[in-house]
């Protein structure tokens, strides 16, 4: 099992008290990801993505999932991100990517970091994804 999948399964168990079925972890499409895509790493008016130091392979949709998680406190933006990336986020790989991002940010929330206010919306999102699996 890859490090990303192990991280996700451990995070889901820790934060949601659920053990993911192995079937949910099969057939994942892997792609190259920025792996830290948030609004502070995007510039405009011409798109430029900054800070590639964390890039790696991740489940398809991981960058969209991290941007979506970072938008949850502004529902209109979160809805737009979800609609824009619906084709990738609503796939088996996208579901795992969402859980990976949710767990990543919940670890940060638990440390009392800058994402503390994201705790409740992240838990809601994680529960929705787990129930969908």
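Bear in mind these aren't lab numbers, they're just calculated from the coordinates by the rules spelled out. These figures come from a predicted structure and were not determined experimentally. Cβ sites come from the backbone with ideal geometry, for glycine too, and all protein chains shown count toward neighbours.
Each peptide in 40-46, 85-91 gets a packing score, the mean of other Cβ atoms within 10 Å over its residues, and the list from highest to lowest is 85-91, 40-46. Here the peptides 17-23, 27-33 are ranked by packing, the mean other Cβ count within 10 Å, and the order with the highest first is 27-33, 17-23. Helix 92-110 and the longest principal axis of the Cα set of the chain meet at an angle near 80°.
How much FRET efficiency would the formula 1/(1 + (r/R0)^6) give for residue 74 and residue 43, where r is the Cβ-Cβ distance and R0 is 22 Å, rounded to 0.05? After rounding to 0.05, the efficiency reads 0.75. Between 93, 71, 54, the Gaussian network model of the chain with springs among Cα atoms under 10 angstrom shows the greatest mean-square fluctuation at 54. Each peptide in 105-114, 7-16 receives the mean, over its residues, of other Cβ atoms within 10 Å, and ordering these scores from highest gives 7-16, 105-114. Axis angle, to the nearest 10 degrees, between helix 75-84 and the longest C-alpha principal axis of the chain: 80 degrees.
Relative to the first principal axis of the alpha-carbon coordinates of the chain, what is the inclination of helix 119-132, with its axis defined by its Cα atoms, in degrees from 0 to 90 and to the nearest 10? The angle comes out near 50 degrees. Its alpha carbons considered, region 3-132 gives a radius of gyration followed by a Dmax of 13.9, 43 Å. Region 91-133 and region 33-70 have Cα centres lying 16 Å from one another.
With contacts taken as Cα pairs under 8 Å at a separation of at least 6 residues, region 1-97 carries a relative contact order of 27 percent. Taking only DSSP H segments of four or more residues, each worth -39500 (n - 2.57), what value at 222 nm results for the chain once the sum is divided by all its residues, to the nearest 500 deg cm²/dmol? About -16000 deg cm²/dmol.
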